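This report refers to the structure that appears directly beneath it.
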Amino acid sequence: MDTNMKTFSFSTARKIIFGLGAVKQLSEELQNLGAKNIAIITDTVIGQSEILDKVVTQLREGGFKYTVWDKAETEPSVAGGEAAIEFTRKGNFDGVIGVGGGSVLDNAKVSALSITNAGTLSDWLKKTFQNPPAPLVLMPTTAGTGSEVSNAVAFSTPQGKAVLFSSLMYPSLALVDPEFTMTTPATVTANAGVDTFCNGMEAFVSLNATPITDAFALQTMQLVADNLREAYACGDNIEARKNMSLAALLGGLAFGTAGTVLGHACAYAYSYPATSIHLPHGYAVAITTPYTMEYNAIANQTKYATIAKILGEPVEEMSLRDAAFQSALSFKKLLYDLDIPASIRTTGVTKDMISTIAQNVFQSPAHVARNPRKVTEKGMVRLFENAYEGKLDCEQ
Ligand SMILES: [Fe+2]
């Protein structure tokens with residue numbers, strides 16, 4: 001036994017149900033939770049889809065009262081979160097269901113918190129809330145964020161991204177029905193799928209990684225490596241969709257405790273006021289990640305060599321150092337196959353923005369603190385210069 005092993009703990013959603021057709025268990029589960037008057041939080045796309053019909057059918061058959069709020073924004077603002085709270089408090093609900101992508105689920109989390117806590121989202125961002133949420137069921141419709149099992153929400157503010165996290169925020173139930181992802185458009189499948197990989201990978205290399213999170217992180221990355229290209233190429237591939245949903249769930253379990261690191265800090269760095277480049281979350285993570293992988297590779301060569309192996313590289317034939325750097329090259333191949341560019345130039349970033357974006361990385365101090373390599377401003381400038389040119393140092 002490794003006597004140096006640190007003490008660790010693990011928390012997540014109180015219950016997880018996963019599987020094709022799992023939505024059919026919703027009514028029984030709500031009964032167990034004792035909720036009778038339900039707020040359904042979603043967006044306009046899901047609100048008009050068969051997915052919502054399936055959810056509503058369950059509530060009708062179970063004799064529940066419910067009201068649908070379909071105004072959740074993509075990449076939600078604090079004002080959007082406050083609107084969800086206002087709706088929830090007016091309706092005197094005693095339970096919340098979130099049906100949608102990560103942004104919708106984040107809105108559902110604050111909605112459920114507003115039933116049991118005084119104050120507003122802006123208040124909680126300054127001084128966190130005191131009580132766990134009302135009964136909360138989260139049903140993801142994309143295979144991506146893992147928000148259904150995490151204890152965090154992210155909202156945009158005029159000053160940039162605001163993240164609220166608390167061990168009290170875990171939902172009562174994560175109900176993952178992979179059928180809900182069957183109609184996800186190819187580009188969203190690609191962005192969310194790469195985000196899933198990065199959630200697992202960053203948790204794996206995080207300084208807060210534990211044996212429990214490593215187990216989830218390794219399986220997350222393997223499932224994405226084996227299924228994302230297939231799910232992107234043909235959205236009807238139910239096996240690939242199911243495996244991507246599982247990957248997203250396991251990724252959430254990994255980063256919910258270990259946290260994400262530099263890749264996510266860099267992805268957030270584009271959106272602050274001086275540059276104001278707003279990109280879908282998964283896309284922002286994806287286009288920057290080859291460069292954060294290269295930056296971090298020397299900090300934990302064994303883990304980065306493992307990542308290269310998972311991505312299909314013949315690492316047995318390489319030195320440990322070469323195998324570690326191969327992970328970044330291999331990740332670029334994944335982006336290529338998913339039609340995601342590997343240069344930030346395509347996003348509206350200009351050369352004169354690079355030093356500002358590099359400084360913005362430090363606006364995510366928790367991500368920076370648990371990153372395996374010390375993060376320096378000089379290092380970040382170099383990283384974003386490479387990301388701009390679309391070239392890794394190890395391929396120059
Ligand atoms: Fe993410």
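Somewhere in the stretch 135-143, is a residue over 18 Å from Asn199 (Cα atoms), assigned to a loop (DSSP other than H, G, I, E, B) and modelled with pLDDT of 90 or more?
Yes, the conditions are met somewhere in the stretch 135-143.
May I ask you to verify whether Thr306 is away from the ligand (no atom under 13 Å from the Cβ), modelled with pLDDT of 95 or more and in a helix (DSSP H, G or I)? Steps first, answer last, please.
Working: away from the ligand (no atom under 13 Å from the Cβ): yes; modelled with pLDDT of 95 or more: yes; in a helix (DSSP H, G or I): yes.
Answer is yes for this residue.
Can you list residue pairs whose Cβ atoms sit under 6 Å apart, with the first residue in the stretch 167-196 being β-branched (Val, Ile, Thr) and the second being open to solvent by 20 Å² or more (accessible area, probe 1.4 Å) and assigned to a helix (DSSP H, G or I)? Count only pairs 6 or more apart in sequence or on different chains.
Thr189/Tyr232
Is at least one residue of the stretch 269-280 under 18 Å from Thr376 (Cβ atoms) and not β-branched (Val, Ile, Thr)?
Yes, some residue in the stretch 269-280 is under 18 Å from Thr376 (Cβ atoms) and not β-branched (Val, Ile, Thr).
Give the number of residues within the stretch 351-388 that are over 23 Å from the mean Cα position of the chain (by Cα) and either open to solvent by less than 80 Å² (accessible area, probe 1.4 Å) or of a type in the set (Asp, Glu) (or both).
Selection size over the stretch 351-388: 12.
Please count how many residues of the stretch 35-91 are open to solvent by 30 Å² or more (accessible area, probe 1.4 Å) and assigned to a helix (DSSP H, G or I).
15
Check Ser167, Ser271 and return the single one that is outside any helix (DSSP H, G or I), more than 12 Å from Gly144 (Cα to Cα) and open to solvent by less than 30 Å² (accessible area, probe 1.4 Å).
Numbers: Ser167 fails: open to solvent by less than 30 Å² (accessible area, probe 1.4 Å).
Only one candidate qualifies: Ser271.
Any idea how many residues of the stretch 103-145 are open to solvent by 10 Å² or more (accessible area, probe 1.4 Å), within 16 Å of the ligand (Cβ to nearest atom) and under 15 Å from Ala84 (Cα atoms)?
Final tally of qualifying residues: 2.
Can you name the residue in the stretch 271-299 that is more than 14 Å from the ligand (Cβ to nearest atom) and of a type in the set (Phe, Trp, Tyr) and, of all such residues, is farthest from Ile357 (Cα to Cα)?
Tyr295
Condition test on Lys161, is it in the same structural domain as Ala297 (by TED's automatic domain parsing) and either open to solvent by 30 Å² or more (accessible area, probe 1.4 Å) or part of a helix (DSSP H, G or I) (or both)?
No.
Show the residue pairs that are 6+ apart or on different chains and have beta-carbon atoms under 9 Å apart, the first residue being within the stretch 131-155 and acidic (Asp, Glu), the second being part of a loop (DSSP other than H, G, I, E, B).
Within 9 Å, the pairs are Glu148/Ala13; Glu148/Pro171.
Please enumerate the residues belonging to the stretch 341-366 that are under 22 Å from Ser327 (Cα atoms) and touching a Phe, Trp or Tyr at 6+ places or on another chain (Cβ under 8 Å).
Selection gives Ala342, Ser343, Ile344.
Scan (1) more than 17 Å from Met221 (Cβ to Cβ); (2) under 24 Å from the mean Cα position of the chain (by Cα) for the single condition Ser319 breaks and write down its number.
(2)
Can you give me the number of residues within the stretch 298-343 that are of a type in the set (S, T, N, Q) and farther than 18 Å from Thr288 by Cβ?
The first filter runs over the stretch 298-343 and keeps only residues of a type in the set (S, T, N, Q), leaving 300-302, 306, 319, 326-327, 330, 343.
Cutting the leftovers down to farther than 18 Å from Thr288 by Cβ gives us 300-302, 306, 319, 326.
Selection size over the stretch 298-343: 6.
Could you list all residues from the stretch 146-158 that are open to solvent by 30 Å² or more (accessible area, probe 1.4 Å) and of a type in the set (Val, Ile, Thr)?
The one that is open to solvent by 30 Å² or more (accessible area, probe 1.4 Å) and of a type in the set (Val, Ile, Thr): Thr157.
Residues being of a type in the set (Ser, Thr, Tyr), modelled with pLDDT of 95 or more and touching a helix residue (DSSP H, G or I) at 6+ places or on another chain (Cβ under 9 Å): count how many of those fall in the stretch 84-116.
Residues meeting the conditions: 3.
I'd like to verify a number: residues in the stretch 170-190 that are among the hydrophobic types (A, V, I, L, M, F, W, C), under 17 Å from Asn227 (Cβ atoms) and open to solvent by less than 20 Å² (accessible area, probe 1.4 Å), how many?
3
Which residue out of Gly251, Gly256, Gly263, Gly348 is buried (at least 24 other Cβ atoms within 10 Å of the Cβ) and modelled with pLDDT under 95?
Gly256
The values are calculated or read from the model by the stated rules, or taken from the named source; none is laboratory data. What you are looking at is a predicted structure, and each value in this text was computed from that prediction instead of being measured. Because the Cβ atoms are built from the backbone with ideal geometry, glycine has one as well, and the counts that use them run over all protein chains shown. Ligands, DNA and RNA are excluded from the accessible area calculation, which covers all protein heavy atoms including side chains. Shrake-Rupley method; radii C 1.70, N 1.55, O 1.52, S 1.80 Å.
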